[in-house]
Amino acid sequence: MSTARVPFVCGNWKLHHGVAATRAQITELVAGLGALGGAVDVAVAPVATCLSVAVDAAQGRLPIAAQNVHFAEKGAFTGEWSVAHLAELGVRYVIVGHSERRAMFGDDDAAVAKKTRAALDGGLLPIACVGETLAEREGGATKAVVGKQVEAILAVVKPDEAVRLTLAYEPVWAIGTGKNATPEQAQDVHAFIRGLLHKHLGEKAAVVRVQYGGSVKPDNAAQLMAQPDVDGALVGGASLEAKSLLAIAAACRR
Ligand code: PGA
């Protein structure tokens, strides 16, 4: 991990904690953050209906992320919410293009690019996700697939906006499977992504953090984070308990 970039760990609570659990976990997280000494940035992404409670419980000490957003400002989009709605709640980050959204809800590269652009336009910080499936990896297409996903995102980001962008490399075969990428596999793709960042954003690319995601746990985080181009983690299952997320964050410190 580059010493120039403060590592960033975000918990993705997916469709789990409701209001009471969100409040309890955030209170526990806030209490534990001090021990990290500010050496790592931490955020959590609760269920959409719990975002307001989350912002309230965090008391400005833990940034809150949304798991998704619509790219339109307003309109006839039943069941959706906009960047402005999230910003109004005090939400700071928004995850876009998570592989579950790509696989189950039709979020293609064009939609992910529009969501990234909408987030930047509306003052939120996008965490844009990319990653290959097992079949794509086994077919030798990892870099072609990830490259296409990353290029679609970077096509809508200006160099001056680099500081507001986070990317997350999440191999689909590693998500929720207990089978994390090896540190070498992660570093190989992260170095490739960093090359693309430089190609599109020039020297400003140096500030963009690229998280690894996919079965990150307290006992494998340190090895993954020791890789020079891995700048933190997007954590699903292991983020549901505050203690576990804090242990991962502690392992990500430089
Ligand atoms: P996991 O999920 O940590 O449970 O594998 C990661 C993610 O989907 O962001």
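Per residue, the average separation of C-alpha pairs within less than 8 Å and at least 6 apart gives segment 8-251 a relative contact order of 20 percent.
Per-residue ellipticity at 222 nm computed for the chain from its helices equals -12000 deg cm²/dmol, with DSSP H segments shorter than 4 residues left out and the rest contributing -39,500 (n - 2.57). Per-residue Karplus couplings for segment 202-207, computed as 6.51 cos²θ - 1.76 cosθ + 1.60 with θ equal to phi - 60°, are listed in order as x, 5, 5, 4, 4, 8 Hz, Gly and Pro entered as x. Taking 0.36 nm per residue of separation and subtracting the Cα-Cα distance, full extension of the segment from LYS179 to LYS74 would add 33.8 nm. Note that segment 235-247 has calculated 3J(HN,Hα) couplings of 10, x, x, 6, 9, 6, 9, 4, 4, 5, 5, 5, 5 Hz, one per residue in order, obtained from phi through the Karplus relation 6.51 cos²θ - 1.76 cosθ + 1.60 (θ = phi - 60°); glycine and proline are x.
Ordered by solvent-accessible area of protein heavy atoms (1.4 Å probe), largest first, the residues HIS190, HIS16, HIS198 come out as HIS16, HIS198, HIS190. What does the charge count around VAL40 come to, taking other residues whose C-beta lies under 9 Å from its C-beta (Lys +1, Arg +1, Asp -1, Glu -1)? Net local charge, VAL40 excluded: +1. Across segment 155-254, the relative contact order, built from alpha-carbon pairs under 8 Å that are at least six residues apart, equals 31 percent. Can you tell me the length gained on complete extension of the stretch VAL207 to ALA21, counting 0.36 nm per residue apart and subtracting the Cα distance? My answer for the length gained is 63.6 nm. Measure up LYS14/LYS199; LYS14/LYS143; LYS158/LYS243 against 30 Å on the Cα-Cα distance and list the ones that go over. LYS14/LYS199; LYS158/LYS243, as the Cα separations exceed 30 Å there. Note on segment 1-101: the alpha carbon radius of gyration divided by the globular reference 2.2 N^0.38 Å gives 1.12. Among the chymotrypsin sites (Phe, Trp or Tyr not before Pro) within segment 1-88, those in coil by DSSP and having at most 12 neighbouring Cβ atoms inside 10 Å are PHE77. In terms of the Cα gyration tensor, with a ≥ b ≥ c the square roots of its eigenvalues, is segment 95-254 rounded because a/c is under 1.5, prolate because a/b exceeds b/c, or oblate? Rounded is the answer for segment 95-254, as its axis ratio a/c remains below 1.5. Using the Cβ-Cβ distance between HIS198 and LYS114 with R0 = 30 Å, the FRET efficiency computed as 1/(1 + (r/R0)^6) comes to roughly 0.80. The distance from the alpha carbon centre of segment 61-109 to that of segment 189-216 is 22 Å, rounded to a whole number.
With the simple model of a label 7 Å out from the Cα in the direction of the Cβ, ALA222 to ARG164 spans 3.7 nm. For ALA43, the residues whose modelled amide H falls within less than 5 Å of its own, excluding neighbours fewer than 5 places apart on the same chain, are VAL9, CYS10, GLY11.
The values are calculated or read from the model by the stated rules, or taken from the named source; none is laboratory data. Model, not experiment: these values are computed from the prediction. Please note: Cβ atoms are built from the backbone with ideal geometry, for glycine as well, and neighbour counts cover all protein chains shown. For accessibility, only protein heavy atoms count, side chains too; no ligands or nucleic acids. Shrake-Rupley method; radii C 1.70, N 1.55, O 1.52, S 1.80 Å.
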